[in-house]
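Structure first, commentary second.
What follows draws every value from the coordinates through simple rules; no lab data is involved. Since the model is a prediction, treat every value here as computed from it, not as a measurement. When we count neighbours, we look across all protein chains shown, and the Cβ atoms used for this are built from the backbone with ideal geometry, even at glycine.
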Amino acid sequence: MKQLFSILFFLFCLSLFSQEIIVSNEHMLYAGDKVFIKTIITDEGSYIVDFGNDSQEVASKDKDWFNTNYLTSGSYVARLYKIVNGVQKIVAIADIKIKEKPRFIFLVSVNVQAYSPIKSSGKAWDNTFGGIYPDIYFTINRLKNGGEIVSSDIFPRVSQEMLPKDLVKSPIKIPILYMEQGVRVDFWDEDSVTNHDYMMGWELPAYSFQDIQNLTLTGLLLEADGYKVLLKFDFLEGQN
Ligand SMILES: [Ca+2]
């Protein structure tokens, strides 16, 4: 019984005085990105956190948030040292894995959830022999220099009842650089006889790499004038 109490007391002391290093944006760590690191220090002692990339900072109970970056991909170890009588003693470590920054992002889904049932002129999308529904496709162009990145397949006669409709059959590869410079996405009704009818478009502004990472988590909902389209992006591990 006495031994059990000793063990419990030991564990209690350990929890009270244990120090930790936590890497906050752990799910996506790319070379060159800002990496947030938090130390958990429960006493008033002097500490040094070594990020494992040749940089160190003083840490304490009151200074516990840090950011650093790792310029090349690979495995790193961050260490927290406590300074006791001038001697550094490791009290916590954290493994940090840095991935190569991808050069491409993939558009994996373009989900049309709503579109205006009539053209801006007030007429149905197609004439009587073509049916009243639009034959939808989309294009993506660079904002800079206007070059076309993709023109999708045509999805014939997409009725309101068919919604939501995904217009991506296989992932579309887009250079990160283009996303960083900005792109625009436009939706069209294909017409074989006359000019294609313009449906709706959006300008996607210049993104930072951090914004692009967020897109892969949250997608991008485009909405205006009766149109609603959800774009989903992914880095598709191993395809860069
Ligand atoms: Ca048409």
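So the values come out like this:
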{"item": "Region 102-155 versus region 24-61: alpha-carbon centroid distance in Å", "result": "46"}
{"item": "Using θ = phi - 60° and Karplus 6.51 cos²θ - 1.76 cosθ + 1.60, couplings along region 100-116 (whole Hz; Gly, Pro as x)", "result": "4, 5, x, 9, 10, 10, 10, 7, 9, 7, 10, 9, 7, 9, 7, 9, 5"}
{"item": "Under DSSP loop assignment and at most 16 Cβ neighbours within 10 Å, longest trypsin sites (Lys or Arg not before Pro)-free interval of the chain", "result": "170-240"}
{"item": "Directionally averaged shadow of region 104-234, computed from the convex hull of its alpha-carbon atoms, nm²", "result": "7.9"}
{"item": "³J(HN,Hα) computed for each position of region 194-202 - Karplus, 6.51 cos²θ - 1.76 cosθ + 1.60, integer Hz, glycine/proline x", "result": "9, 5, 5, 8, 7, 9, 6, x, 9"}
{"item": "Calculated from backbone phi, Karplus (6.51, -1.76, 1.60) coupling profile of region 83-98 in Hz, x at Gly/Pro", "result": "9, 10, 6, x, 10, 8, 10, 5, 10, 7, 9, 9, 7, 10, 10, 10"}
{"item": "Kirkwood estimate for the chain, i.e. one over the average of 1/r between Cα atoms, Å", "result": "22.1"}
{"item": "Cα-based helix-to-principal-axis angle, 2-17 vs the chain, degrees rounded to 10", "result": "60"}
{"item": "Above-threshold pairs, the threshold being 25 Å between Cα atoms, out of Lys99/Lys144; Lys123/Lys232; Lys38/Lys82; Lys165/Lys232", "result": "Lys99/Lys144; Lys123/Lys232"}
{"item": "Distance in nm between pseudo-label sites at Ser46 and Asp211 (7 Å out along the Cβ direction from Cα)", "result": "4.5"}
{"item": "Built amide H within the under 5 Å cut-off of Met199, gap 5+", "result": "Phe187, Trp188, Asp189"}
{"item": "Label point distance in nm, Ala31-Leu143, each placed 7 Å from Cα along Cα→Cβ", "result": "2.8"}
{"item": "Cut-off under 5 Å, modelled amide H: who pairs with Phe155 long-range", "result": "Ile136, Tyr137"}
